[in-house]
Amino acid sequence: MSLDDILENCCAPFLMGLRPACMFVAPWDCKGEIRETFYDTNVQIMPMGQIGAGKELFFLYREEALKQEVNKTLQKEFLLQQGYLDFRVEELIYRLSVRYQAYAKGRSTFPHEFGIFLGYSYEDVVGFIEHEGEDFLYADYWKVYGNLEYKMDLFDRFHRAEKLFATMLHSGMDINSIIMQKG
């Protein structure tokens, strides 16, 4: 699977400017291609850690969008409860990567605050934790625990963005150009 295919399947709503961040798994040796793809864009890249043999989890984000997301009142309170004390974006991402790496090495539970960074609502992140991933109202991009009508509309916008992204990509536009136009 090419990097374009991976990004199309995992990151289209983010690349089209609808989410503050995304994450995806790619072969470790794609690091250079990933950096080149996002060179001279407003997309930041953070390798989060190795997953299995030769693969890595990558976290992509737009600093301003992420800053707005994590500074929403409920999201910020939740992150403070998880031990995030420094709200500079670089420090938040670094702490998230440390927590993820501890999980990947079997030393802690999964850092569910990932959802906050990815733009999931506070109620859905907390609902997932409290219900242990069960008893959700709906599932699409994530499991929904509240405000269903709004989330279904949001997911519909994400699906439309995916289709538009695929159309643009398959018509010959490169990802960098799509980001410059849409993201």
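Nothing in this text is a laboratory measurement; each read-out follows from the coordinates by a stated rule. Values in this document were obtained by computation on a predicted structure and should not be read as measured data. Note that each Cβ is placed from the backbone with ideal geometry, even for glycine, and that neighbours are counted across all protein chains shown.
What the table shows:
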quantity: Normalised convex hull volume, segment 138-183, alpha-carbon set, Å³ per residue; calculated: 75 Å³
quantity: Relative contact order, percent, the chain [alpha-carbon distance under 8 Å, six or more residues apart]; calculated: 25 percent
quantity: Neighbour net charge for VAL98 - beta-carbon separation under 14 angstrom, K R +1, D E -1; calculated: 0
quantity: Aspartates and glutamates whose Cα lies under 20 Å from that of LYS182, excluding same-chain neighbours fewer than 8 positions away; calculated: ASP4, ASP5, GLU8, GLU36, ASP40, GLU63, GLU64, GLU69, ASP153, ASP156, GLU162, ASP174
quantity: Low-density loop cleavage sites - trypsin sites (Lys or Arg not before Pro) in segment 98-148, where at most 13 other Cβ are within 10 Å (DSSP); calculated: LYS105, ARG107
quantity: Lys, Arg +1 and Asp, Glu -1 on Cβ, resulting dipole of the chain about Cα centre, debye, nearest 20; calculated: 320 debye
quantity: Positive-end extreme of charge dipole, the chain - chosen from GLN181, THR167, SER108 (charges on Cβ); calculated: SER108
quantity: Calculated diffusion of the chain, Stokes-Einstein form, Kirkwood radius summed over Cα pairs, 20 °C and 1.002 mPa s, µm²/s; calculated: 125 µm²/s
quantity: For the chain, the longest site-free run once GluC sites (Glu not before Pro) in DSSP loop states with at most 11 other Cβ atoms within 10 Å are removed; calculated: 1-131
quantity: Förster radius 30 Å - calculated FRET efficiency between THR73 and LYS163 (Cβ-Cβ, nearest 0.05); calculated: 0.35
quantity: Extension gain, GLU63 back to LEU85 (0.36 nm per residue minus Cα-Cα distance, nm); calculated: 6.2 nm
quantity: Full-stretch length increase - THR109, LEU148 - with 0.36 nm per residue and alpha-carbon distance subtracted; calculated: 11.3 nm
quantity: Part-to-part distance (alpha-carbon centres) for segment 29-52 and segment 64-112, which is given in Å; calculated: 19 Å
quantity: Equivalent ellipsoid, segment 88-167 (semi-axes from 5 times Cα gyration tensor eigenvalues, Å); calculated: 25, 18, 11
